[in-house]
Amino acid sequence: MKPITTITNTTIPLMKDNIDTDQLIPKQFLKNILKTGYGRNLFYDWRYLGNGRLNTDFILNDPKYKNASILITGDNFGCGSSREHAVWALKDYGFEVIIAGSYSDIFYMNSTKNGLLAITLPKSQREILARISSDENITVDLPNQEVRCINYKFNFEIDPLWKHKFVNGLDDIAITMEYDKEISQYEVTIPNFN
């Protein structure tokens, strides 16, 4: 996993509540077992018209938001089915941070295990972030647990274990490998292990 400390970029405001995983990546695109190739189908039913043309009224298709990597959104983000593909699609599209009012538990855990930083902020603060200009950067400072923009600074909470994993770029396998010496020492005590 790539370490995350400070991310500075533009945002996409999509202030809808209850965006579920089928809206994030519809079921017909779940055939791939790799974590790549999903971004083009993120929000498929909103991004494309029935004939496959881009829906120019949908915010992700607006050229001024093209390089944004921070999504500002509503409550209960990632609800619905437990598909990990939803996180893969967000990451493959280019999102590094989601700022929502709340998340489904499974979506949140899938995010933490795949290096997508999911931050919770109150609606009043998200509304301020959603109103900033499309060319205005915000900074997400994970070590200090702050979101900063223009004249605002918002603090957010994160479990210390997940913060440690993000800042150090550690996934579950990397955490296990930190105990390689202890594991090796234990293995020699197992009869007929080698």
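The values are calculated or read from the model by the stated rules, or taken from the named source; none is laboratory data. Nothing here was measured: the structure is a model prediction, and the numbers come from that model. FYI the Cβ positions are ideal-geometry reconstructions off the backbone, even for glycines, and counts take in every protein chain you see.
Only residues that are of a type in the set (Ser, Thr, Tyr) and in contact with a Leu (Cβ under 8 Å, 6 or more places away or on another chain) were counted across the range 111-151, and they come to 1. Checking Asn192 against (1) at positive phi; (2) over 18 Å from the mean Cα position of the chain (by Cα); (3) at pLDDT 90 or above, which single condition isn't satisfied? Asn192 satisfies all of (1) at positive phi; (2) over 18 Å from the mean Cα position of the chain (by Cα); (3) at pLDDT 90 or above except (3).
Here is a yes/no grid of residues against (1) within 15 Å of Glu96 (Cα to Cα); (2) in contact with a helix residue (DSSP H, G or I) (Cβ under 9 Å, 6 or more places away or on another chain); (3) crowded, with 16+ Cβ neighbours inside 10 Å; (4) charged (D, E, K, R):
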| residue | (1), (2), (3), (4) |
| --- | --- |
| Arg126 | no, no, yes, yes |
| Ile132 | no, no, yes, no |
| Leu142 | yes, yes, yes, no |
| Gln145 | no, yes, no, no |
| Asn151 | no, no, no, no |
| Asn155 | no, no, no, no |
| Ala174 | no, yes, no, no |
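Whenever a residue of the range 50-75 is in contact (Cβ under 8 Å) with a residue 24 or more places away in the chain, its partners that are outside any loop (DSSP other than H, G, I, E, B) and of a type in the set (Gly, Ala, Ser), lying with C-beta atoms within less than 7 angstrom and at least six residues away or across chains, give the pairs Ile72/Ala130; Thr73/Ala100; Gly74/Ala100; Asp75/Ala100. Annotation: of all residues in the range 111-124 being surrounded by fewer than 19 Cβ atoms within 10 Å (Cβ to Cβ) and assigned to a helix (DSSP H, G or I), the one that is modelled with the lowest pLDDT is Lys113. Of the helices (runs of 4 or more DSSP H) entirely within the range 126-194, those holding at least 2 residues that are hydrophobic (A, V, I, L, M, F, W, C) occupy 160-168, 172-177.
Looking at Asp20, Asp62, which is the one that is modelled with pLDDT of 95 or more, among the acidic types (Asp, Glu) and within 27 Å of Arg148 (Cβ to Cβ)? Checking each option against the conditions leaves just Asp62. Residue count for the range 48-93, restricted to those that are in a loop (DSSP other than H, G, I, E, B), buried (at least 17 other Cβ atoms within 10 Å of the Cβ) and acidic (Asp, Glu): 2.
For the range 176-185, the set of residues classified as more than 30 Å from Glu96 (Cβ to Cβ), under 37 Å from the mean Cα position of the chain (by Cα) and either of a type outside the set (A, V, I, L, M, F, W, C) or at pLDDT 90 or above (or both) consists of Lys181, Glu182, Ser184, listed by residue number. Contact map, the range 159-180: first residue touching a residue at least 60 places away in the same chain (Cβ under 8 Å), second residue in a helix (DSSP H, G or I), Cβ cut-off under 8 Å, separation 6 or more or different chains; pairs are Lys165/Thr112; Lys165/Ile175; Phe166/Thr112; Leu170/His164; Asp171/Lys113; Asp171/Lys165.
Taken over the range 7-23, the criterion of being of a type in the set (Ser, Thr, Tyr), within 14 Å of the chain's Cα centre (by Cα) and in a strand (DSSP E or B) is satisfied by Thr11 alone.
Evaluated against (1) without any contact (Cβ under 8 Å) to a residue 24 or more places away in the chain; (2) touching a helix residue (DSSP H, G or I) at 6+ places or on another chain (Cβ under 9 Å); (3) of a type in the set (Lys, Arg), Lys31 falls short on exactly one condition, (2).
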